[in-house]
Every structure is written in C-alpha cells, then in structure tokens.
1. Pull up segment 82-114, narrow it to residues that are closer than 21 Å to Ala24 by Cβ, among the hydrophobic types (A, V, I, L, M, F, W, C) and buried (at least 18 other Cβ atoms within 10 Å of the Cβ), then point me to the one that is modelled with the lowest pLDDT.
2. So Tyr27 fits all but one of (1) closer than 19 Å to Phe137 by Cβ; (2) touching an Asp or Glu at 6+ places or on another chain (Cβ under 9 Å); what number is the exception?
3. Six or more apart or on different chains, Cβ atoms under 7 Å: show the pairs whose first residue is in segment 124-142 and at positive phi and whose second is assigned to a loop (DSSP other than H, G, I, E, B).
4. Taking the condition basic (Lys, Arg), surrounded by fewer than 18 Cβ atoms within 10 Å (Cβ to Cβ) and within 16 Å of Leu58 (Cα to Cα), does Lys130 pass?
5. Residue check, Gln55 against (1) of a type in the set (S, T, N, Q); (2) modelled with pLDDT under 95; (3) within 30 Å of Val16 (Cα to Cα), all met but one. Which one?
6. Residues being crowded, with 17+ Cβ neighbours inside 10 Å, more than 17 Å from Lys144 (Cα to Cα) and either within 12 Å of the chain's Cα centre (by Cα) or charged (D, E, K, R) (or both): count how many of those fall in segment 32-47.
7. How many residues are of a type outside the set (Val, Ile, Thr) and buried (at least 18 other Cβ atoms within 10 Å of the Cβ) when one looks only at segment 115-127?
8. Among the residues in segment 156-173, are any modelled with pLDDT under 95 and of a type in the set (Phe, Trp, Tyr)?
Amino acid sequence: MKSVNEIPDQNNEVVVTFLNLLLADEYVLYTKTRTAHWNVDGSNYFELHVFLEHQYNLLDVIIDDLAEQIRSLGYFALGSLKDFLSVAQMGEDNRNYGNSAQILGSLLYDHEAIISIIEHEIPPISDKLKSMETADFLAGILEKQKKSARQIKAFLSSPELTSDNHLRIVYNQSVSQQL
C-alpha cells in the first residue's frame, strides 16, 4: 500500500516500526490490566475492579488510535498476539492478585516505561524523520499515559477513599473524557 504522507517512504517505515512496537507494548499493558481486573482480590476488590476497568478502557482507545495512525501512514498494524509478544519490549509477569498495591505498582511501572519510550522517540520522529503529524499524535498518547500514571499514583496514595468517593472520581473522569 502506498503511503499518502509526504515524508519519504524510508522515514515512514521507521516511524511505523516504532508505532507497531508501541502498539505491542500498549496491548501487553492492556492485557495485564484486563487480567488484573478479572482476577483482583482483597478487601478493596470492588473499588479496584472498577478502577482497572476504567484503566483498560483508556488503553483500548490508545490501541485503536495507534492502529489507525499506522493505517493512515499506509501500512498495516500488527494484530496477532504472537506478533505483539515477539516485538513488545514489555514482558508478561506473574502477580499476586490478592495484593492490590503490588498489582498497581506493576501497572504503574509499565505506564512509566511507555512514557519514557514515547518521550525518547518524539524528538527524532519530529526532527530527524520530519513526521510532525506523528510526533503530535504521540504527544497526545503521552498525555493519556501520564494521566493514567497519575490516576494509579493517586489510587495508591489514597487508601482512605471510600468506595463511593473513589467511584465518583473515576466516573467523573470518564465522563469528562467523553465530552
């Protein structure tokens, strides 16, 4: 498929390779978050269950946007679990789902790793590869990742929140994003 962008094809290939790597990492993080949502246990089960659902829904949007960005550059997005796992920089890990702090800490670490990767790649994509549209797109994903990391940190640092208060916070954040 011929690319419709004006940047050279070789640059597009480099950009798309990075986007597919990021897509794989985001998908692994999505799967880890979804698995934690399904298997979480403990005294704050319901609160954490709802919070993790909010988190994986945000990741689902990022994943879809990444695939669409790759397609807009005239290439195909990775789509199989085998492909994702073969290129992802993020690994799968075993967790004690009864320890919510450990689960959230692991997910926070993964979000922060993705943030670091994106921050590292935006300058060369915009400056060297002259793909300003993709750099702007990645800046948007970076902000979503930072927001997710802040939410996890807030969740970890606010054990005194009642389920009702925390659910209201998560619901209000979700509604404001949809507007």
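The values are calculated or read from the model by the stated rules, or taken from the named source; none is laboratory data. In this text the structure is predicted, and so the values were computed from the model without any measurement. When we count neighbours, we look across all protein chains shown, and the Cβ atoms used for this are built from the backbone with ideal geometry, even at glycine.
1. Met90
2. (2)
3. Sorted first by the residue in segment 124-142, then by its partner, the pairs are Lys130/Ile7.
4. For Lys130, the condition - basic (Lys, Arg), surrounded by fewer than 18 Cβ atoms within 10 Å (Cβ to Cβ) and within 16 Å of Leu58 (Cα to Cα) - is not met.
5. Result: Gln55 fails condition (2) only.
6. Of the residues in segment 32-47, 3 are crowded, with 17+ Cβ neighbours inside 10 Å, more than 17 Å from Lys144 (Cα to Cα) and either within 12 Å of the chain's Cα centre (by Cα) or charged (D, E, K, R) (or both).
7. Counting residues in segment 115-127 that are of a type outside the set (Val, Ile, Thr) and buried (at least 18 other Cβ atoms within 10 Å of the Cβ) gives 1.
8. yes
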